[in-house]
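Trainee: What follows is a single structure, and I will ask about it in a moment.
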Amino acid sequence: MKYFKIFTAFLFFILLVTAVLSFSLPASQKVERSITIHAPAATIYTQLSKLENFHKFSVWSQQDSTALYTLSGTDGTIGAATSWKGSPEISGEGKIEIIALEPNRKVMHTLHFTKPKKGKAESTFSLVETNKAITTVTWTFIMATPRPWNIFNLLFSLDKQMGKDFEDGLTAMKTMIELSNAAAVLPANSVK
């Protein structure tokens, strides 16, 4: 009987600590990275507002040659979405949807992951033009970690785990946009 009381007290203590931690910790994790791109905000916005372009600089799309994408709606408009299905170890399955567009300022997506693990996230690209030819792009990614599972945020940092992927994606975006922008401004007679 004594051991049963000790076990019950220990179990109650664990449940109490779990509940306190769950309600005191945030129910999401965030990754945020920025990069400066030598292009006007309007040029960058035109690229970012299209889901087909997201796959050109997304690290996960580049790493998974098996991924298949299906577009629904009119790309570049609110409600347009891309569903993907790829390698479970790299990209899994899910859907990304455009939920908000502020011309030359912001593009927002919601992501629904279905395999290998269910989850929901929000992705935002914010553009701040510092002059006519330079824009800072900030990519903010917020992943929901519902209670009580949010206690694992103490052991797992999304920022440390995936921050480099976001940096690499922004670098690929910068290269893509700056090369495209440079080609667009070349005079016709300079091409040989």
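The values are calculated or read from the model by the stated rules, or taken from the named source; none is laboratory data. In this text the structure is predicted, and so the values were computed from the model without any measurement. Here the Cβ positions follow ideal geometry from the backbone for every residue, glycine too, while neighbour counts run over all protein chains shown.
Trainee: For the subset of the stretch 163-177 comprising residues that are closer than 20 Å to ILE96 by Cα and either small (Gly, Ala, Ser) or buried (at least 18 other Cβ atoms within 10 Å of the Cβ) (or both), which member is modelled with the lowest pLDDT?
Mentor: GLY163
Trainee: In the set GLN29, GLN47, GLN62, which member is in contact with a His (Cβ under 9 Å, 6 or more places away or on another chain) and not aliphatic (A, V, I, L, M)?
Mentor: GLN62
Trainee: Follow-up. Out of the stretch 80-124, which residues are of a type in the set (Val, Ile, Thr), assigned to a strand (DSSP E or B) and without any contact (Cβ under 8 Å) to a residue 40 or more places away in the chain?
Mentor: THR82, ILE99, THR110, THR114, THR124
Trainee: Identify all residues within the stretch 1-60 that are at pLDDT below 90, outside any helix (DSSP H, G or I) and within 30 Å of GLU129 (Cα to Cα); write none if there are none.
Mentor: SER28, GLN29, LYS30, SER58
Trainee: Tell me which residues, restricted to the stretch 97-110, are under 15 Å from the mean Cα position of the chain (by Cα) and either modelled with pLDDT under 95 or not aliphatic (A, V, I, L, M) (or both).
Mentor: Residues satisfying the conditions are GLU97, LYS106, HIS109, THR110.
Trainee: Another question, then. Give me the pairs, please: first residue somewhere in the stretch 54-65 and surrounded by 17 or more Cβ atoms within 10 Å (Cβ to Cβ), second residue anywhere and in a helix (DSSP H, G or I) and modelled with pLDDT of 85 or more, beta-carbon distance under 6 Å, and either six or more positions apart or on two chains.
Mentor: Matching pairs, first to second residue: PHE57/GLY169; PHE57/ALA172; PHE57/MET173; PHE57/MET176; SER58/GLY169; VAL59/ASP165; VAL59/ASP168; VAL59/GLY169.
Trainee: The conditions are (1) assigned to a strand (DSSP E or B); (2) surrounded by fewer than 19 Cβ atoms within 10 Å (Cβ to Cβ); (3) more than 14 Å from the chain's Cα centre (by Cα), and THR77 fails exactly one of them. Which is it?
Mentor: So the condition that THR77 fails would be (1).
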